[in-house]
Structures are given as C-alpha cells and as structure tokens.
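Nothing in this text is a laboratory measurement; each read-out follows from the coordinates by a stated rule. As the structure is a computational prediction, the values presented were derived from the model and not from experiment. Note that we place each Cβ from the backbone using ideal geometry, even for glycine, and neighbour counts take in every protein chain shown.
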Amino acid sequence: MSFSIRQRITDEMSGAALPFVAFCIALNLTAGQITAALKIPLYLDSIGTILVAVLVGPWSAVICGSAANLLAAALGNPSMIFFIPVVVVIGAFTGFLARRGWFRKWYLVAIGGVLQGILAAIASAPISAYLFSGVMMAGTDFLVLYFRSVGNTILNSVLYQGLTSDPADKLVSYFIVFFLVKNLPQRLISRLRGASNLRAPDSTT
Amino acid sequence: MADRIVIQSFSLQYSATTPGVLSSVSLDIPSGTCCAILGPTGAGKSSLLQCLAGTMQRHHPESVASGTIQIGERLFEALPSHVLFPSVGYALQDPHVQISGVRDTVFGEILFTLENTGEVPDEPAAVILPLLRKLGIDHLADRKPTSLSGGETQRVALATILVAQPPVLLLDEPTTAMDLAAQEKLRGILRGMKQSTTIVLTDTQLDFALGICDQIVVLEQGKVLFDGTPAAFLRRLDEFHTSLPLENWLPLRQQILRLLDQPSRLGSRLALTLGLK
Amino acid sequence: MSTGQSLSRKLALVLLLWVCAFTLPWTIQASLCVVLIIARYAVLPLRPITPRSAKAFSRFILYSIAVATFIILLNGLLIKEGAVAAKVFGIPLHKEGLLFGARTASRLLLLSFSILLFFVSTSLPDLIEHLQTKGLPPYLALVLLLTLHFLDQLPARIHQIFLAQQARGAPVDSGLLSRTKALFSILSPLVLSSIVESIERGTALELRGFLQRPQVARVIKRSESETDWLTISLILLALAVLIYRIVQWLIA
C-alpha cells in the first residue's frame, strides 16, 4: 500500500471514526437480527458500510465492508469472502457520492441508490456466475432459473437477476441511511470525518 | 516527577458564535498535590480537563480559547494542539469506555498502553504486576476486562493510565457508580500517589474530595467561585449551597467549625480525616 | 509448535487448496473435500476450537450438500448438451450439464471448506495478533478486535432497544409500513448511541496514546527453529501445482 493511501486511511480512521467503523462492521453482521424480529423482507447487510461511507469516508467504508465479509466468513458463512470485491465497490462508490454531497437531497439519494444497485449487480455477476453458477439459495434463484431457461448464459442470467433486484435493495438501504443521518445532531456528526458530506459548505446549521 | 499546573486568565468557547464555557479561569495547582474541581453539571469541569489533556482542540477544532496553560515546563498559548499523553494521564468518567476491549486479560489491557508509549520494557510483568498490587487488583490480572465489577473496572481503567507514569493525572468524576467501600479504596490509592503525581479530579459533590484534596475549586457557569483549602471552603460552606448538593454538610457545619477551632483530639482527628491539615 | 507456526501452516494449506480448486480436475477436488471433512475430526490443529464453531462447520456441510445438489441438478437441466445421463421425475438431465455442475460445485465446496476449516480451528484474536507481526497496521488490528467486542454486545443492545420500543407502543407487529417505521425507532437510537460511544472510545484510545507514535511490535516469543519446513513445503507444492497446470494449458 502506498504511503499516501495509508496516510489517507489513517487520517480518515482517527479519533471517533475507528470505533464507529468497528460498530458498523458489527451492525452489518447483526442487522439481519432486527429485520428478522420485525419480519421485514430486507437484509440490510450493507447498512453499516453505507453509514460509514456517508459519515466517515470511502476508505473506511471499503475497510468496513471487507472486514464484515471476512468476519462473516470466519463466523460460519465462508461464501461471503468471495463477495469482498462487491462490498469494495459499494463502499467506494457510496463514499464518492457522499463526498460530492449526494446525501443532502432525497432525489440524489434515489438516483445514487439505483446507480449503486446497478454497479453492485455488475460487480457480483461474474463471482456469482463463475463460482456459484448463479445459485445463492435465495428467492432470487428462480429469477436466474427463468433467465437461463429462455436461453441466456449463466453470466447474463445472473446479471439480469442482479439488475432486477439490486437497485431496489440498495435504494431502500440508501434511504434508510439518509433518514437516519438526517436526524442526527450536528455536534455528534461533526466528530466523525464526514460531517461535511451532510452539510452544504456555507451552512451554519 | 509531578508537574505544576498554572492556568492564567483562560477562557473557552466551543465556537465563535456559542456562549463561553470557561471564563477567565486562573488556577495554580502545585506539583504533588490534589486539586478537586467541584461544580454542578455544565459548570465547565470536564471542558477544563479536556483542555488540560489536549483533547479540546483535537475534537472541537472550531473552539476559541484565550489565556495560557502551563504544565510543568511546557507553556501553551490558548490550547494544546495535540493530546498530551503520556505527560498527562486522563481517566474518563465512564471506565468501561476507557477499557479498549481489544485484549483478553487485564494484564494485556494495561500492556496495550505501554505499547502505545513506544517503550515496552523487556519484562513488562515487572512493571505491570507491582502496579496492579498497588491498586489492589493483582488477582484480576488474568481476568477478562469486560467481566469486572464497576469498582474493579474503575481501578483497571486507572491502571491503564498510571502505567505510563504521567506526572499529571486527571480524573473526571471518578466515583460515578462506585459504592462507598470502593470510593474509600480509591481515596487511599490517590493519597499514596500524591507525591509523585499532581492530581486534578472533578466531582459534583464534596464527599469524595474531602480527605484527599489539598485544594478545592468551585466552578459555576465557567467561572471560579472559590479557590482555596478545604478548611477555608468548609468555613464558607453556605455560600455554595446553590452550586453544590451540600444538604448533608450544612447541618454539620457549626459542629465541624467548632471541632476545627477547638484544640481537641477529636478536632485534630477530624481535620486529619478530612484532609484539612 | 507455536501459535504463529500453526497459523502459518494453516494459511499455507488454504493457499494450496485454493490453487487446487482452480487447477485440478473436479474428481480430485471432490476427494479433497472429503479429506477436509475427515481432517476436521482427525487432525488436531484443524479441529474446531469451540462447540459453536463445530456446530457452524456441521451446519455448513449440510448446507453445502444442498447447494451442490442444486447446482448440479440445475445445470444438468439447463445445459442441454451431450447424452441424457438421468431423469428426475421425468425431466432429463444432460451429461455435459451435470459435469459442468459437478465442476462448479466441487470448486465452490473446496474453496468454502478450506476457509471455514481454517476459521473454525483458529482463534480470531490470535490470528489478528499473528497478522500484526506480519505487518497488519495497528489501526486495522484494533478495528477487527473492537468489532469482535461489539459483536458480543450488539445482539443484547438491539434486543433491549426492541423491548423498550415495544413497551412504548412502537408498531412492531402491525402492517409492513408500520413495521418499517418501527425499524427506524430501533436503528435510530442504536446508531446515535454508537456514535456517542465511539466518540468516547476514540478519545479513550487517544488518551492512551494509540497511534500517537510508532507502535511497538507485540512481543512474540519465537520458537527456536525459525524455519518451518511444513509451511514452506505447502507453499512450494501450491506453486508446483500452479506451474504444472499452466504448462498443461500451454501444451494444450
């Protein structure tokens, strides 16, 4: 890792950011507990990554997502390790959007969520196709089955399935984070590195 | 080894547009003594400690300060720009967050601080175990830090700071969630440390401070209302009943003053116990 | 054998198995999967270190059998090349599809089993400490260790918030929209309290000098023999398999 990247990561993860990233990694791994208790059909397994991307920065979000997948593998779900490139894309892209103020307006959040979903689908398709033949033991497998049965290759089938479901999933996650951070006190957010992502440059609130 | 602390006309605002948190505070805390800063919540006690520890500028970059802070030989115009570890040790109010949680044992937790100093001795046990013994927690060396009682956690948190041998020790409301026995133990430990360390502690009540402190400072709304000896403070007790919860003390005031003023054995013993002599 | 040596050997074994997963025929891969399952019981350093990790491994074996079966059958059904090898409920399964499915499944299983076996037989704090001696930056090590700490606490904290919200009438059992609103009533205090705690923890770490100056490497007792031949052999074997496969591919 070059010195400047290392320095950027160290700067981003200093102070309160470091424990917050650790919390968000744990949140990625346990958010399913909340949705299961409320019987909501969402995974929210990237919610911590998106929170870090918005409140801290892109490098920290990449670390958050990668570490969450690594720990998920360590805790009994080894297939998560193969999707680390996907969470790198999610963290980096969301951090990029957040730095450009896309989490200040709801319509930008909506566009960003859809774009993120498309990118996630593109990033995960080759992994899912090559390693898993599109089989993830989830409801979306039927979509893959359908696309394959009408003559598409495994890669295309997985890609089409991803493009069908991922944008909606990421859109929801983006909005959840948008509404969560909207109501956080400014004096607390300012202690994390990404406070300027949520506040216009000359805003006094 | 202990450092003197001198604060001159120090004022602080969290930002240029917010009201002042501290207003023209001047204090002189001699080396090797214990100063108790008392005051209600919001008086500015923790803010003052953060300024002394060097975390204020770091965490509130928009803060505006004036005056000077001198710790030992080091003089700071307005605020120190960086955390003053290890010359200033700061024990936070909640000892549970002081414990990093990244080591499996109390011993490992304390070793973590030594590693951060960049100077780990060849035999870390030779440094850590005597410290644990001094704090009465050597039997906890192999225990998980998160499995301890409130009083034990407080002492382990203190050990994680003391292992760096700071010349100045700041304690933010150290007796929160501590029972009387644990408070008495902590008082004994701090008494033993005074010669080698200058101690500044904050509290909302008088009870813990009496018996160990050489100097009492009363802060209210960022201003110093009183700065003097415990004996002088007790003589002026009724001036501060709006700033501090003194319901337990005010009724005893006359008796305390009588015992202090009369040359009796009980009076001397009382004065000694209260640290008034 | 020191912890560091054991970890290095296991990492080298994972590397070898991953190389095999991408280079060797599926029949060998499948056999290696069976060997790994046997090793979980027979080889001491590869045994799960806690009952929870033993359960995780057993659960995963059952899950992976289901996944493998699904992959093989699905491909046998959809890749209509070659002769019909079998029929399931009258639906023909083609040989080429079944072979393709078998190749995919055996590769996936070998990759997954090797990782899982590594993790169930390894203490995460020991692994993180070992990686630190190999150059893992201290802030990354701290993030991972703190995460383990939060993973212990978070389920209970979530449960507490859930009960508190339920007690004040949050619609946790109503329609989907109401339950989604209830989601915010749980996430919001959770995130807020985590930021407050992070600020305090971050301050506490700085007050103990973390990252203020060059970190002293953890004092690790090294075993007398620095050269671990088994680790080196496993790495060389992995390289040999890779080179053999590349040469085969070039010749073909």
Check your understanding: For region B:163-176, in order, what is each residue's ³J(HN,Hα) by Karplus, 6.51 cos²θ - 1.76 cosθ + 1.60 with θ = phi - 60°, in whole Hz (x at glycine and Pro)?
Key -> 4, 7, 6, x, x, 10, 10, 10, 10, 9, 6, x, 9, 4
Check your understanding: Under unit Cβ charges (Lys, Arg +1; Asp, Glu -1), what dipole magnitude, rounded to 20 debye, does the protein assembly as shown have relative to its Cα centre?
Key -> 1440 debye
Check your understanding: Using a Gaussian network model of chain B with C-alpha springs under 10 Å, which one of B:68, B:105, B:18 is most mobile by mean-square fluctuation?
Key -> B:18
Check your understanding: Quick one: what Rg and Dmax do you get for the protein assembly as shown from the alpha carbons, in Å?
Key -> 30.6, 113
Review point. What number, in percent, do you get for the relative contact order of region A:3-197 if the mean sequence gap of Cα pairs under 8 Å and at least 6 apart is divided by its residue count?
Key: 23 percent
Check your understanding: Counting only complete DSSP H runs, which helices of chain C cover 18 Å or more along their long axis at the Cα atoms and score a mean Kyte-Doolittle of -0.5 or above?
Key -> C:3-23, C:26-42, C:51-78, C:95-120, C:138-167, C:176-207, C:229-251
Review point. Under a GNM of chain C (C-alpha, springs under 10 Å), which listed residue has the highest mean-square fluctuation: C:107, C:52, C:179?
Key: C:179
Practice item. Note the direction-averaged projected area, equal to a quarter of the hull surface, for the Cα convex hull of region A:3-197, in nm². Key: 11.5 nm²
Review point. If you count the DSSP beta bridges with both ends in the protein assembly as shown, what percent of them are antiparallel, to the nearest 5?
Key: 60 percent
Check your understanding: How large is the dipole of region A:3-197 about the Cα centre if only Lys and Arg carry +1 and Asp and Glu carry -1, each at its Cβ, rounded to the nearest 20 debye?
Key -> 660 debye
Review point. According to the square roots a ≥ b ≥ c of the eigenvalues of the Cα gyration tensor, what is the shape class of region B:1-156, taking rounded for a/c under 1.5, prolate for a/b larger than b/c otherwise, and oblate for the remainder?
Key: prolate
Review point. Shape call for chain B from the C-alpha gyration tensor, a ≥ b ≥ c root eigenvalues: rounded (a/c under 1.5), prolate (a/b greater than b/c) or oblate?
Key: oblate
Point to revise | Over region B:95-165: Kirkwood hydrodynamic radius from C-alpha pairwise inverse distances, Å | key: 11.7 Å
Review point. Between the helical axis of A:3-12 and the dominant principal axis of chain A, each derived from Cα atoms, what acute angle in degrees is found, rounded to the nearest 10?
Key: 70 degrees
Practice item. Taking chain A as the reference, fit the longest principal axis to its C-alpha atoms, fit the long axis of helix A:58-74 to the helix C-alpha atoms, and give the angle between the two in degrees, 0 to 90, nearest 10. Key: 50 degrees
Practice item. State which entries of A:105/A:170; C:10/C:134; B:45/B:194; C:55/C:95 exceed 25 angstrom in Cα-Cα distance in the structure shown. Key: C:55/C:95
Practice item. Please name whichever of B:249, B:85, B:147 sits farthest to the positive end of the charge dipole of chain B, dipole taken about the Cα centre and charges placed at Cβ: Lys and Arg +1, Asp and Glu -1. Key: B:249
Practice item. Would you be so kind as to identify which of B:158, B:219, A:68 lies farthest towards the positive end of the dipole of the protein assembly as shown, taking Lys and Arg as +1 and Asp and Glu as -1 on Cβ and the Cα centre as origin? Key: A:68
Check your understanding: By how many degrees, between 0 and 90 and to the nearest 10, does the Cα long axis of helix A:17-38 differ from the longest principal axis of chain A?
Key -> 50 degrees
Check your understanding: Suppose every K and R has +1 on its Cβ and every D and E has -1 on its Cβ; what is the size of the dipole of region C:1-129 about the Cα centre, in Debye to the nearest 20?
Key -> 240 debye
Point to revise | ³J(HN,Hα), Karplus 6.51/-1.76/1.60, whole Hz, each residue of region B:103-116, x for Gly, Pro | key: 10, 7, 10, 4, 4, x, 5, 6, 4, 4, 5, 4, 4, 5
Point to revise | Estimated FRET transfer efficiency when R0 is 56 angstrom, pair residue B:105-residue B:236 (beta carbons, to 0.05) | key: 0.70
Exercise for review: Mind checking the full-extension length gain between residue C:239 and residue C:42? Use 0.36 nm per residue of separation minus the Cα-Cα distance, one decimal, nm.
Suggested key: 68.3 nm
Review point. Most fluctuating residue of C:206, C:96, C:129 in a GNM of chain C with Cα springs under 10 Å: which is it?
Key: C:206
Check your understanding: Between rounded, prolate and oblate, where does chain C land on the alpha carbon gyration tensor, with a ≥ b ≥ c its root eigenvalues, rounded for a/c under 1.5, else prolate if a/b exceeds b/c?
Key -> oblate
Practice item. Could you tell me what fraction of 2.2 N^0.38 Å the Cα radius of gyration of region C:131-207 comes to, as a two-decimal ratio? Key: 1.48
Point to revise | Peptide-level mean, for C:152-159, of C-beta atoms on other protein chains within 10 Å | key: 4
Revision key, fill the gap. In deg cm²/dmol, rounded to the nearest 500, the helical mean residue ellipticity at 222 nm of chain B, built from -39500 (n - 2.57) for every DSSP H run of length 4 or more, is -9500 deg cm²/dmol
